[in-house]
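The values are calculated or read from the model by the stated rules, or taken from the named source; none is laboratory data. Keep in mind that what you see is a predicted model, and the values were worked out from it rather than measured. No Cβ is skipped: glycine too gets one built from the backbone with ideal geometry, and neighbour counts run over all protein chains shown.
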Amino acid sequence: MRVIERLPKLTAAQKEKQTRAILEILSIPYEDWENIQRIAQLVGGDWGMEVEIGMPGEGSHFNPDENRIQLDPLHLADPERLRQAEFVAAHEGGHRAISRSPLVLGMTEEKIEELYSQLGFAFGDNSLEDPADNNWWSKKYEGLGETVQGIYDKMLEKDGAVLASAEVNELITQLGYPPRFALFGSELIRYWHQHRFSENLPAEVHAALERVKEAADRYYATIPGRHPTEKEVRAAAQKRLTIFHDKIWPEMKKLIELDKRDEELRQAVIQNELKLEDWLKEILDRIMQETGKRTAGQIEEESKKTAAQLRRDAQALREAAKKYESGS
């Protein structure tokens, strides 16, 4: 994954102790771990690159700034752990070989901040970069590449499956549902693997995917040769980033705006319902307090006014929903 997290610094002795403790808990032989390290270094073409085991749940990723791969032990603890672990090691090694940070590609720090601070940009970029990475290393190392089909068959077994970063998964948990842009990014991976989209997607998501699928195909195919020079690697990486930024990100950004409007409307409805509940309670409490001072006719009139206001607020909400659905 391209998303990088800054990790705490440990001494070599502390890293070794932590690694052995985690491997022991997961019943992974140390020799298997050494083999996994070698696979990542082989595919990455860098025998001096650090390959470390992290803490469970932190994710697996390549950190280009520190030239280091961290592997999530949960990825190694799969029931078919050697196959899974070899895939993850080769995948992250592939990022070392052909993925380059936008800073290395010449993008200014200000532009990087502007783009990657936007919700969904890094996720969308990674949803395309992962397949391109897999295309490169699985062709160069065919023996390792045999695992790709099975791994993604399992991950995409269910239509509408969301393959998201930790950040996006956290957002999904908060919302209680996957936003459109998360489905869009996940379906780009499905399209690469199965050359189709899930059925019953939201219409606007499916339409956006149809508009970008040719650009996505170009992205996946824009990889260097088996033994590229650094110049060739950077040239291909630059072309991929340009394809995403110019052809795919604009469609994804539209879906993010729809997601934001959706959530704003939902929150407005919730707040209005709470306001109405409080207001109704206040009216009823006042009526109860003044029942002895009012006639039945006065109480009935008060109730009619309350009901009329509730109807007006309900109508306002319906009109807001219609306006949202029409896209205006």
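Results, tabulated for the structure shown:
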| read-out | value |
| --- | --- |
| For Glu251: the one exception among (1) exposed (fewer than 13 other Cβ atoms within 10 Å of the Cβ); (2) assigned to a helix (DSSP H, G or I); (3) of a type in the set (Asp, Glu) | (1) |
| Any hit, the stretch 157-173, residues being at pLDDT 95 or above and touching a Pro at 6+ places or on another chain (Cβ under 8 Å) | no |
| Counted residues, the stretch 160-184 - those being in a helix (DSSP H, G or I) and either crowded, with 19+ Cβ neighbours inside 10 Å or not acidic (Asp, Glu) (or both) | 13 |
| Qualifying residues in the stretch 93-152 (those that are among the polar types (S, T, N, Q) and assigned to a helix (DSSP H, G or I)) - the one farthest from Ala221 (Cα to Cα) | Thr147 |
| Residues (assigned to a helix (DSSP H, G or I), of a type outside the set (Lys, Arg) and exposed (fewer than 15 other Cβ atoms within 10 Å of the Cβ)) located in the stretch 197-216 | Ala203, Ala207, Glu210, Glu214 |
| In the stretch 11-58, residue farthest from the chain's Cα centre (by Cα) [restricted to those that are within 12 Å of Leu76 (Cα to Cα) and part of a loop (DSSP other than H, G, I, E, B)] | Pro29 |
